[in-house]
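Novice: Here it is: the structure, laid out below.
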Amino acid sequence: MWFLPLAGLLMGLFIGTKLSLEIPSALNHYYAAVLVVLLDTILGAVKNIFDNIFDNTFLLIEFISKLFIAMFLVFLGEQLNVDLYLLVYFTFGFSMLNKMGAVRTFVYRKYKKEA
């Protein structure tokens, strides 16, 4: 069963390298914010899986709400000529580091018990 996500990842990488998609420079901050929010949500899902509290509906609501907040801050920053996109990067980056630390601690404790 682990083969399906790996096959999807490899197929996506192959298609992405063959297509020549260019992102307009005006949307660079939005695109980067979407990637940061997506990575934060994925790490949150992994943490929830390890804590046995994973829920698909909660994951979707979490992603949409974080995405809305991030896009609003980036848009507001562009309108005010303030680099608010940096706030999005730092906030979600800090959140990702915390979630990664929780996952690392869980994995460490699990394998320490087995040894």
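Novice: Which members of the stretch 46-65 meet the condition of being within 18 Å of residue 105 (Cβ to Cβ) and surrounded by 13 or more Cβ atoms within 10 Å (Cβ to Cβ)?
Specialist: 46, 47, 48, 50, 54
Novice: Further question on the same structure: Would you be able to say whether some residue in the stretch 37-46 is in contact with a Phe, Trp or Tyr (Cβ under 8 Å, 6 or more places away or on another chain), assigned to a helix (DSSP H, G or I), at pLDDT 90 or above and among the polar types (S, T, N, Q)?
Specialist: Among the residues of the stretch 37-46, at least one is in contact with a Phe, Trp or Tyr (Cβ under 8 Å, 6 or more places away or on another chain), assigned to a helix (DSSP H, G or I), at pLDDT 90 or above and among the polar types (S, T, N, Q), which makes the answer yes.
Novice: Just to be sure before I move on: is residue 82 aliphatic (A, V, I, L, M) and within 14 Å of the chain's Cα centre (by Cα) in the structure I sent?
Specialist: no
Novice: Given the residues 60, 10, which is the only one that is modelled with pLDDT under 95 and farther than 18 Å from residue 99 by Cβ?
Specialist: Going through 60, 10 in turn, the sole match is 10.
Novice: Now for a different question. Kindly provide the set of residues from the stretch 6-36 that are part of a helix (DSSP H, G or I), of a type in the set (S, T, N, Q) and exposed (fewer than 10 other Cβ atoms within 10 Å of the Cβ), ordered by number.
Specialist: 17, 25
Novice: Name the single residue that is surrounded by the fewest Cβ atoms within 10 Å (Cβ to Cβ) among those in the stretch 66-115 being not in a helix (DSSP H, G or I) and not small (Gly, Ala, Ser).
Specialist: So the residue we want is 81.
Novice: Can you confirm whether residue 26 is more than 27 Å from residue 110 (Cβ to Cβ) and among the aliphatic types (A, V, I, L, M)?
Specialist: When the stated conditions are applied, residue 26 passes them.
Novice: Next question. So residue 110 passes all but one of these: (1) free of Cβ contacts under 8 Å to residues at least 60 places away in the same chain; (2) under 28 Å from residue 29 (Cα atoms). Which condition number does it fail?
Specialist: Of everything listed in (1) free of Cβ contacts under 8 Å to residues at least 60 places away in the same chain; (2) under 28 Å from residue 29 (Cα atoms), residue 110 misses just condition (2).
Novice: Considering 16, 77, 93, which residue is under 29 Å from residue 110 (Cα atoms) and either of a type in the set (Gly, Ala, Ser) or touching a Gly at 6+ places or on another chain (Cβ under 9 Å) (or both)?
Specialist: Within the list 16, 77, 93, the selection yields 93.
Novice: Between a first residue in the stretch 27-38 that is free of Cβ contacts under 8 Å to residues at least 60 places away in the same chain and a second residue that is basic (Lys, Arg), which pairs have beta carbons less than 7 Å apart while being 6 or more apart in sequence or on different chains?
Specialist: Qualifying pairs under 7 Å: 37/66.
Novice: Could you please let me know if residue 43 is within 25 Å of residue 104 (Cβ to Cβ), among the hydrophobic types (A, V, I, L, M, F, W, C) and in contact (Cβ under 8 Å) with a residue 60 or more places away in the chain?
Specialist: yes
Novice: Looking only at residues in the stretch 16-36 that are of a type in the set (A, V, I, L, M) and at pLDDT 90 or above, which one is farthest from residue 84 (Cα to Cα)?
Specialist: Result: 35.
The values are calculated or read from the model by the stated rules, or taken from the named source; none is laboratory data. Values in this document were obtained by computation on a predicted structure and should not be read as measured data. Every residue, glycine as well, gets a Cβ built from its backbone with ideal geometry; the counts of neighbours run over all protein chains shown.
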